[in-house]
Amino acid sequence: MTGRAQESDAEGTAGTLRAAQAALAAEHAAVYGYGTLGGRLEGDRRRDATAASDAHRARRDALARTVRDLGGTPVAAHPAYALPFAVHDPATALRLAAVLEDRVAAVYSDLVRAARGPLRQDAAGALREAAVRAVRWRGTGVAFPGLTERAAPPENTAEAGATGVTH
């Protein structure tokens with residue numbers, strides 16, 4: 001392998017590691033967010049939130065292993081995260097769930113772009129799962145999940161800076 005090819009491989013691994021760390025951080029934030037919103041829901045919606053939380057925990061744990069496999073130290077969860085808006089009732093809980101899924105889809109979009117092979121397939125699956133959950137929470141979808149959210153500014157400016165910011 002030439003020096004240039006080795007440099008390219010190292011850059012690719014570093015980019016994949018950065019994208020995996022960002023996905024891991026988003027999964028930490030999603031687990032926290034679902035813990036916050038779950039208490040505002042009842043019945044089927046509460047069961048859906050529990051299932052989503054369980055899925056994010058599983059993805060979080062898998063990503064921690066991936067980060068270690070890529071030679072990194074998994075980013076730790078913060079003790080608390082700033083929510084983009086207050087969650088007072090079922091309507092705001094549903095809205096938060098959709099925002100969480102949109103944000104998770106966005107970071108998985110980056111991981112799909114950075115990764116190769118089985119990790120890329122896993123990231124694409126995670127992106128799809130987040131997009132489907134977002135549609136279920138919101139009731140509508142977007143043409144390109146994980147990409148559209150970045151192109152459009154948030155409807156509520158309070159949502160703009162709440163991507164994993166700690167209290």
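The values are calculated or read from the model by the stated rules, or taken from the named source; none is laboratory data. Values in this document were obtained by computation on a predicted structure and should not be read as measured data. With ideal geometry, Cβ positions are generated from the backbone for all residues, glycine too; neighbour counts draw on all protein chains shown. Protein only, heavy atoms only, side chains kept; ligands, DNA and RNA dropped before computing areas. Shrake-Rupley method; radii C 1.70, N 1.55, O 1.52, S 1.80 Å.
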Check: So what is the relative contact order for region 60-151, in percent, with contacts set as C-alpha pairs under 8 Å and at least six apart?
Finding: 27 percent
Notebook entry, point to check: Tell me, what is the 1.4 Å probe accessible area of residue 129, in Å² to the nearest 10?
Noted result: 70 Å²
Note to self: Show me the chymotrypsin sites (Phe, Trp or Tyr not before Pro) within region 65-145 that DSSP assigns to loop and that have at most 10 other Cβ atoms within 10 Å of their Cβ.
What the structure shows: none
Next item on the list: Pop the C-beta distance of residue 86 and residue 121 into the FRET formula with R0 = 45 Å and round what comes out to the nearest 0.05.
Entry: 0.75
Item checked: Inter-label distance, nm, simple model (7 Å from Cα along the C-beta direction), residue 65/residue 78 -> 2.8 nm
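Which order, highest average first, do 109-115, 88-94 follow once you tally other Cβ atoms within 10 Å for each residue and take the mean per peptide?
Going from most to least packed, we get 109-115, 88-94.
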Margin query: So, taking all protein chains as they sit and a 1.4 Å probe, how much accessible area belongs to residue 47, in Å² rounded to tens?
Written below: 150 Å²
Notebook entry, point to check: Taking a temperature of 37 °C and a viscosity of 0.692 mPa s, what whole-number D in µm²/s does Stokes-Einstein yield for region 18-86 with Rh from Kirkwood over alpha carbon pairs?
Noted result: 258 µm²/s
Next item on the list: Would you mind classifying region 1-144 by shape? Square roots of the alpha carbon gyration tensor eigenvalues, ordered a ≥ b ≥ c; an a/c under 1.5 is rounded, otherwise it is prolate if a/b is larger than b/c and oblate if not.
Entry: prolate
